[in-house]
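Quick notes on the structure that follows.
The values are calculated or read from the model by the stated rules, or taken from the named source; none is laboratory data. None of these values were measured; they are calculated from a predicted model. A quick note on method: Cβ atoms are made from the backbone with ideal geometry, for glycine too, and the neighbour counts reach across all protein chains shown. Accessible surface areas use protein heavy atoms only, side chains included; no ligands, DNA or RNA. Shrake-Rupley method; radii C 1.70, N 1.55, O 1.52, S 1.80 Å.
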Amino acid sequence: MTAGVERSGWLHRAADSDIWWSFKSSPMTVVAAIGTVLIVAVAFLSPVLAPHTPFDPATLSLSDGLKPPVLLSADGDWAFPLGTDDQGRDILSSIMYGTRLSLVVGFASVAVAMTLGITLGLLSGYLGGAVDALIMRIADVQLTFPAILVALLIDGIVRGIISVKRHDEIAIYVIVGAIGLSFWVQYARTVRGSVMVEKNKEYVQAARVIGLSPMLIMIRHVLPNVTGPVLVIATINLGLAIITEATLSFLGVGLPSTEPSLGTLIRLGNEVLQSGDWWITVFPGITLAALVLAVNLLGDWLRDALNPKLR
């Protein structure tokens, strides 16, 4: 009974909050949220919803190759509503599976960047001194390079250490690590600035007086008060991570053709684009653009909603 009352009270407070009011009063944000939820749901349910298993060689037939979309050509086949590629793979199913891989890479990359950036930002802001100087100088050096070049460098180093076959087997882990190491600086600098403000407040001083360790103070007391800006950065960086992965895959240094993301699908379609088979690259490109746009709109809204100056 008590749990039910608490849950009802929490829902009532959430419904009356400024953030919820800001969300429901912005039609563009509502549309972006619905679009994001639909794309994510369809992508992760692709093994159930996809009409075909596009990357199982046993299910492919070259006789189904290069079928056009059914709504744009009389030669289309309703079994492949968005057409097929030169190997007979269903474009719709490929997009669903590819979107799932892009989202997995995006979420995992953001998680890696957040973990590294928050940890270094807490240490830099709370400890200060030589630790702060060292971490911030490393961050300053990395900021002089675009994220895509950092990711290319890391991927190139891994390719030089291990064989091509082994690289393809662990490609998703390499790309997640490369993108994650490219984006940690924003989290570290933001968390550092917030920690430098929070560590001088009375509640932190009181925690020191009662004998709590610096690590416990950082995790229990300081970290919860710096999560707002971190959530905004994470939302925006999700779109950037997906774009970065797509760029790397388009350049041929991302996920292999056996496990294609949206970027890989666009690259494979681009190779036959001049033959007039435009649907192979256009439909994955539209999906990528819609996903990133929806996520970025949510990130922009969250940034404004959590800014007390705009309330």
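Annotations
- Gly160 at pLDDT below 85 and not in a helix (DSSP H, G or I): no
- Filtered residues of the range 22-65 (kept if open to solvent by 70 Å² or more (accessible area, probe 1.4 Å), under 27 Å from Ile280 (Cβ atoms), of a type in the set (A, V, I, L, M) and touching a residue at least 12 places away in the same chain (Cβ under 8 Å)): Leu49, Leu62
- For the range 184-195, the criterion of being free of Cβ contacts under 8 Å to residues at least 24 places away in the same chain and surrounded by fewer than 17 Cβ atoms within 10 Å (Cβ to Cβ) is met by none of the residues.
- The one condition in (1) more than 25 Å from Phe55 (Cα to Cα); (2) not in a helix (DSSP H, G or I) that Ile217 fails to fulfil: (2)
- None of Thr235, Thr258, Thr227 is of a type in the set (Ser, Thr, Tyr) and not in a helix (DSSP H, G or I) except Thr258.
- Number of positions in the range 38-57 that are of a type in the set (A, V, I, L, M) and part of a loop (DSSP other than H, G, I, E, B): 2
- Checking each residue in the range 66-104 for being open to solvent by less than 40 Å² (accessible area, probe 1.4 Å), of a type in the set (S, T, N, Q) and more than 13 Å from Ala50 (Cβ to Cβ) picks out Ser73, Thr84, Ser102.
- Yes/no for Leu291 being touching a residue at least 60 places away in the same chain (Cβ under 8 Å), buried (at least 22 other Cβ atoms within 10 Å of the Cβ) and farther than 19 Å from Pro54 by Cα: yes
- Residues being under 30 Å from Val222 (Cβ atoms) and hydroxyl-bearing (Ser, Thr, Tyr) - total across the range 162-197: 4
- Residue within the range 99-110 that is over 23 Å from the mean Cα position of the chain (by Cα) and in contact (Cβ under 8 Å) with a residue 40 or more places away in the chain present: no
- When the range 198-210 is filtered for residues that are open to solvent by less than 60 Å² (accessible area, probe 1.4 Å) and not in a helix (DSSP H, G or I), only Lys199 remains.
- Residue within the range 106-116 that is open to solvent by 20 Å² or more (accessible area, probe 1.4 Å), of a type outside the set (Lys, Arg), more than 12 Å from His52 (Cα to Cα) and not in a helix (DSSP H, G or I) present: no
- Among the residues of the range 257-282, those identified as within 20 Å of the chain's Cα centre (by Cα) and open to solvent by less than 20 Å² (accessible area, probe 1.4 Å) are Pro260, Ser261, Leu262, Gly263, Thr264, Leu265.
- Residue check for Ala234: open to solvent by less than 50 Å² (accessible area, probe 1.4 Å), in contact (Cβ under 8 Å) with a residue 60 or more places away in the chain, over 30 Å from Ile91 (Cα atoms) and out of contact with any Pro (no Cβ under 9 Å at 6 or more places or on another chain): yes
- Residue check for Ile236: of a type in the set (A, V, I, L, M), at pLDDT 85 or above and closer than 30 Å to Ile19 by Cα: yes
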